[in-house]
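The values are calculated or read from the model by the stated rules, or taken from the named source; none is laboratory data. Being a predicted model, the structure only gives us computed values, none of them experimental. Note: ideal-geometry Cβ built from the backbone for every residue, glycine included; neighbour counts use all protein chains shown.
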Amino acid sequence: MIQSNGSETGRPEKRAQVDTLTDRLILDIKALMILGQTKGEEITSLVEDRIISSQDSQVAGFVRMIQETGRKPAKVKGLVFIAIGEMILASLMAILGIAILAPSVGGLSSPVQLFNYFSEIFQSAAVSQSSLSPVVPAIDLVFSLLLLLGAFYTLRMATTTLKESRLEGSQ
C-alpha cells in the first residue's frame, strides 16, 4: 500500500504473510515427502502431473522460479575459460582432421579429381584380395570427417558458452 507522500507501509505485514505462506508450503512439501516414502511412484507421478507439468501459468512460473534459484550462477571468468578450452579443443580436432584428410584428398584441384579418388577407393575395395586394405582409406576418410564435425560442434558449444557468459556478465 502506498500513501500519498510516497512512502510504503504494510511492508512488515507483507513479509509476515509471505513467511506464513512459505512455512505452510514447507510443511506441505514435508507431508508429500512422507507420503512419498510409502507410495513413492504414485506421489512422484502426481507431483509431476500437477506441479511440474502444470498448464497454470502461475504454477509454471513458481516451478521456473525454483529451478532458476536452485542453479548456482556460473562466474563469467569461468565461462570464458571454458569457452577458450572448447575453442582450443576444436582447433586441435580440426587440425588433426585436416591432417588425416589432407594426404588422401590433398593435391586434388578439381571436383573431377576428387570424384576419381573416391571411385578408386571403392574399385580397389572390390578388386583387392586383402580384407583390410580397401577398408583403411574409407575408415581414414570417415574418421577425419568425424573429427571435423566434432570440431564444428565444439565451436558451437564454445559460442553458446560465450553467450552465457555475456548474459551472466550483464546481470
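Condition test on residue 33, is it surrounded by 10 or more Cβ atoms within 10 Å (Cβ to Cβ) and within 30 Å of residue 154 (Cα to Cα)? So residue 33 does not fit the description; no.
Yes or no, residue by residue, for (1) part of a helix (DSSP H, G or I); (2) at pLDDT below 80; (3) small (Gly, Ala, Ser); (4) under 32 Å from the mean Cα position of the chain (by Cα):
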| site | (1), (2), (3), (4) |
| --- | --- |
| 16 | yes, no, yes, no |
| 19 | yes, no, no, no |
| 41 | yes, yes, no, yes |
| 59 | yes, no, no, yes |
| 64 | yes, no, no, yes |
